[in-house]
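K.L.:
To start, I am sharing the structure in question, which I have written as C-alpha cells.
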2 protein chains.
Amino acid sequence: MKATGIVVEYNPFHNGHLHHLNQSRQKTNCEVVIAVMSGNFLQRGEPALVDKWSRTKMALKAGVDIVIELPYAFATAQATDFAKGAILLLDAMKCESFCFGSEEGTLNAFQHTYSLLSSKKEEYNTAISNFMKQGVSYPKALNEAYKLVSLESTQPLLDLTQPNNILGYHYLEATKLFNTSIQPETIQRIVANYHEDAQVDETIASATGIRKLILDNQHLEEVQKFLPESSFQQLTEWTNTHHTFGSWDRFWPLLRFTILRHSKEQLANYAEVTEGMENAIWNAAVKCEQFETFMHTIKSKRYTWTRIQRMLTHIFTGFTWEQLAEVNFPTYLRPLGMSKNGQTYLNSIKKDLQLPLVSRVAASKDPLLQMDIKAANLYYAGLQSTISHQMIGSDYSTKPIIY
Amino acid sequence: MKATGIVVEYNPFHNGHLHHLNQSRQKTNCEVVIAVMSGNFLQRGEPALVDKWSRTKMALKAGVDIVIELPYAFATAQATDFAKGAILLLDAMKCESFCFGSEEGTLNAFQHTYSLLSSKKEEYNTAISNFMKQGVSYPKALNEAYKLVSLESTQPLLDLTQPNNILGYHYLEATKLFNTSIQPETIQRIVANYHEDAQVDETIASATGIRKLILDNQHLEEVQKFLPESSFQQLTEWTNTHHTFGSWDRFWPLLRFTILRHSKEQLANYAEVTEGMENAIWNAAVKCEQFETFMHTIKSKRYTWTRIQRMLTHIFTGFTWEQLAEVNFPTYLRPLGMSKNGQTYLNSIKKDLQLPLVSRVAASKDPLLQMDIKAANLYYAGLQSTISHQMIGSDYSTKPIIY
C-alpha cells in the first residue's frame, strides 16, 4: 500500500485542512494518508483548543488513515526540530512521500532555496549572527540574511517571510540531512496569510481566525461554515462536556502561579528561556492579572510572540534546557487513532518498523513519552473543567481510536 | 513599658483567644501584648482561612498591641523550630515574659518535665528511635518514650499527648537552649481538646471546629457566637470581598497541578518529604480529584496528618530541604500591625533592637523574608478570587496596619 504523510496540528480541523488532505491524496495518488500531529501543546507555544484525542477524531472522520503523535519535545520546538521530528516519524511509518501546504505551492523554489543556502551556509550563518547582534528577532535576522545571500541568485527562490514556506523548507532540509527516502510534495495553501483573522471566502478561514472566533464568543455557530460537519460535531461534543477550551487565557492562573513559585534564576532552567527573559517573565507575572497584558508587558523586538509562548509552555510543563539537550530523534511511534484502512496498512508494515510501536503507554520508561503523558496531565489540569480534572492520568490507558 | 509575648495563629481569632489574651495581660501585669503570628501558611501545614493582614486586624481589634510575623520557615516547621522562631522573636522584641495556653495550666509540670527529659536525654532519644523503627508516627514514638523515661519520676509531669502541652514544652525548651531572659507563664486553655469539633459551652469552640463550620457552610452566621464582634466583622468583610476561604480543598487544583508538574524524584527535594512519600503523593495526585480522598489515600501510620500537610505546603510553595537546612535563627522583625500603644512601645525599644525592623520589604534580600513574600503571593494565587488575583505582589508594599 502506498502511503503519504502530512504534518498537522488541526487546531481545529477546518475546511482548509480538508482541502490539503484531499489534495495530498490526489497529488501523490496514495492509498493511505498518515498524519503526524502535535499533542496538547503546539508549535506556537500554546495549549491546543481541544485535546489530542478530540483532534484525532476530527482527523479520522475527515479521512486521515493514521494519526501519529508528534512528541512534546518536537511539537513545541523551533521549526528545525519540529520538522526533524515530523519527517523522521513519517519516514519511520514507511511513507513514500509527504505533502505540505505552502504559500509558494511549487517544489521547485524549495529545492533551489535549499541548494543556495547549503552552498552558502557559512556566509548565511554569519549574516544571521550579525543581524541578531543588532537586537532583532531570530526570524527577522533569518530574513535579512536570506536577502543578502540570495541577491545574486537567478533561480526562482522562496519567499521566506511566509510561515508555511519556512516550515516546508525545514521539512525538505530534514529529508536531506537525515538521508530519508521520503519524497517531498507541496500544494498551495488556500489561505494566503496564516496570521489572518478574517476569512478568505465563505468557507475557508485560518485556524488562527477560527480559534479567535471560538475563544472570543465561546460558542461555535459562527465558525460552523469554516468546518467540515464532522469537526463541528466534535467541537460541539467537546463544548458540551468541558464548557471551556484550551488557551493561555484559561491556563493563566496556573501559569502565573507556576512562575511565581520559582525564583528568576530557576526560571532560566526551562527550555528556550534566554538572556534575562526570566526577569521579564517573573516581574510581569507579579503584576499582570491577565495573560494578554502579561504578554504585552514582556514582548520585545528581540523575540517573537511564538518564541515567548514556547518559553511559557516549557515553564508550564517543567521542560528544562537539560531535557531539551537530550532530545535527539523520535524514539517511538504512538498511534492516536486509525481507520480500518490505516489498520490494514499498519499491520502490513509492522514487522519492518525500526521504532517501537507504543500501545501500552504506562509500561514505557521512554523520557520523551513520559513527557507526552505529563503534558497531557497538565493540559487537563489547565483546562480546569469538571471532566478534565477526571481525565488527569487518562493518557496512560487511552487506547488508539479505531474509526 | 512592660511587654509580654504570645504565640498565635488566630485562624480565626475567637473567644478562646480573647480569653487567652486577657488572661495573659492580667497574669503578667503587662502594659503591652506582642503576638508573634504565623503568616498565610500554618503549623498544621494548611493555608490560613484568611490572610495574615486580615488576621492581624482581628488581633489588633481584640487588644493585641503589636503583631510580628513568624517567618514561613518557622511557622510551617515542626514544633521545635516553630517554638524556637517564636520565642527568639519575642525575646528580640524585649518581652519580659510570654504566656502560652496549655491543657496543663501550671508551669510547675513544664519545669519538672524539662528537667527530667534533659537529664535523661540519651535514654529518651534512644527510646524514640526504637519506637520509630517499629513504624509508628513521631508523636506516638515520643509518647511511648516519654512514658518509659518518666516511669520512676515522683514529680508532677506533663501529659504530653496534649498538643498545647507539647508546644508549651518546646517554648520552655527554647528559652533554656537559647539562654533568653524571657520568663514563661502558662494559663489553662478553656477548650480541653484542640481537635474537638463541638463547642464546649455556648461561646467557646476550637479554631478547628470553627473552621470546619465555616468551610462546610461557607457562611458565617453559625460561628458568630464563638467570635468577638470585631472578628466576626472582619470575617464578614473578607467573605464579601473574596467569596471564598483559604483551605486545601480550595488550593487542591493548584497543588495537584504542582505535584504532577514534578517527577517523583523532584518531589523528594521538598522539605519534610521523606521515605518514599514522594511516590505516594505523586501516585495519589494522578488519581484523586478531591483533596480529602487524596489525603486518605496517602495517610499511613507512619506520619501524622499534620506532618503530611506540611510536606504538601512545602511542595506548594517550593520550599526545599536545602532551604530548610539553611534556616537558623530569625533574622528580622516584621511588624504586621500595631496599636498606638504598641507604636509607643516600639519607638521606646527601637534603638536597642538586635534584629533589623523590616518596614520596606521590597528592598530586602533576606531569604527568609523573600520566602514570606513568595508564600503570600502563592496564597493569593491559591485563593483564586478576583480580589486575591489582584493582591498578588501586594506583600511587597503593604505597610504595617496602625490601629
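The values are calculated or read from the model by the stated rules, or taken from the named source; none is laboratory data. What you see is a predicted model; the values in this text were computed from it and never measured. Backbone-built Cβ (ideal geometry, glycine too); neighbour counts: all protein chains shown. Keep in mind that these areas ignore ligands, DNA and RNA; they rest on the heavy atoms of the full protein, side chains included. Shrake-Rupley method; radii C 1.70, N 1.55, O 1.52, S 1.80 Å.
K.L.:
Quick one: is A:Q343 at pLDDT 95 or above and in the same structural domain as A:L70 (by TED's automatic domain parsing)?
P.N.:
For A:Q343, the condition - at pLDDT 95 or above and in the same structural domain as A:L70 (by TED's automatic domain parsing) - is met.
K.L.:
Here's a follow-up. With respect to the numbered conditions (1) under 24 Å from B:A62 (Cα atoms); (2) surrounded by fewer than 19 Cβ atoms within 10 Å (Cβ to Cβ); (3) modelled with pLDDT under 95, which one is the sole condition not fulfilled by B:N217?
P.N.:
It fails just one condition, (1).
K.L.:
Taking the options B:T293, B:T208, name whichever one is hydroxyl-bearing (S, T, Y) and modelled with pLDDT under 95.
P.N.:
B:T208
K.L.:
What is the one condition in (1) within 14 Å of chain B (Cβ to nearest Cβ); (2) at pLDDT below 95 that A:V191 does not satisfy?
P.N.:
For A:V191, the exception is condition (1).
K.L.:
Then there's this: Does A:Q309 satisfy being open to solvent by less than 10 Å² (accessible area, probe 1.4 Å), in contact (Cβ under 8 Å) with a residue 24 or more places away in the chain, on the phi < 0 side of the Ramachandran plot and away from chain B (no Cβ under 14 Å)?
P.N.:
yes
K.L.:
Tally time: how many residues in segment A:71-119 are of a type in the set (D, E) and at pLDDT 95 or above?
P.N.:
Selection size over segment A:71-119: 3.
Table: residues versus (1) among the basic types (K, R); (2) within 30 Å of B:E96 (Cβ to Cβ); (3) away from every other protein chain (no Cβ under 14 Å).
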site: B:G342; (1), (2), (3): no, yes, yes
site: B:N347; (1), (2), (3): no, yes, yes
site: B:S364; (1), (2), (3): no, yes, yes
site: B:K374; (1), (2), (3): yes, no, no
site: B:S385; (1), (2), (3): no, no, no
site: B:P400; (1), (2), (3): no, yes, yes
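K.L.:
While we're looking at this one, here's another question. Open to solvent by less than 40 Å² (accessible area, probe 1.4 Å), modelled with pLDDT under 95 and over 19 Å from the mean Cα position of the chain (by Cα): does that describe A:I281?
P.N.:
Considered against the rule, which asks whether it is open to solvent by less than 40 Å² (accessible area, probe 1.4 Å), modelled with pLDDT under 95 and over 19 Å from the mean Cα position of the chain (by Cα), A:I281 comes out as no.
K.L.:
Output the residues belonging to segment A:148-164 that are open to solvent by 30 Å² or more (accessible area, probe 1.4 Å) and among the β-branched types (V, I, T).
P.N.:
Passing the criteria: A:T154, A:T161.
K.L.:
Restricting attention to segment A:124-147, which residues are among the aliphatic types (A, V, I, L, M), under 18 Å from A:Y169 (Cα atoms) and open to solvent by 30 Å² or more (accessible area, probe 1.4 Å)?
P.N.:
Within segment A:124-147, A:L142 is the sole residue that qualifies.
K.L.:
With the structure loaded, tell me whether A:Y171 is under 30 Å from A:I68 (Cβ atoms), under 20 Å from the mean Cα position of the chain (by Cα) and open to solvent by 50 Å² or more (accessible area, probe 1.4 Å) or whether it fails that test.
P.N.:
no
K.L.:
A further question on this structure: Within segment B:19-39, does at least one residue satisfy the condition of being at pLDDT 95 or above, touching a Gly at 6+ places or on another chain (Cβ under 8 Å) and over 20 Å from B:S231 (Cα atoms)?
P.N.:
Looking through segment B:19-39, at least one residue is at pLDDT 95 or above, touching a Gly at 6+ places or on another chain (Cβ under 8 Å) and over 20 Å from B:S231 (Cα atoms).
K.L.:
Could you list all residues from segment A:143-192 that are touching a strand residue (DSSP E or B) at 6+ places or on another chain (Cβ under 8 Å), assigned to a helix (DSSP H, G or I) and not small (G, A, S)?
P.N.:
Within segment A:143-192, A:N164, A:N165, A:L167, A:Y171, A:L172, A:T175 qualify.
K.L.:
For B:I298, are the conditions met, namely being open to solvent by less than 40 Å² (accessible area, probe 1.4 Å), more than 21 Å from B:T398 (Cα to Cα), of a type in the set (V, I, T) and without any contact (Cβ under 8 Å) to a residue 24 or more places away in the chain?
P.N.:
yes
K.L.:
Of the conditions (1) within 14 Å of chain B (Cβ to nearest Cβ); (2) at pLDDT below 95; (3) within 23 Å of the chain's Cα centre (by Cα), A:T317 satisfies every one except a single condition; which number is it?
P.N.:
So the condition that A:T317 fails would be (2).
K.L.:
Please find, among A:G342, A:G337, the residue that is in contact with a strand residue (DSSP E or B) (Cβ under 6 Å, 6 or more places away or on another chain) and farther than 30 Å from B:K287 by Cβ.
P.N.:
The conditions single out A:G342.
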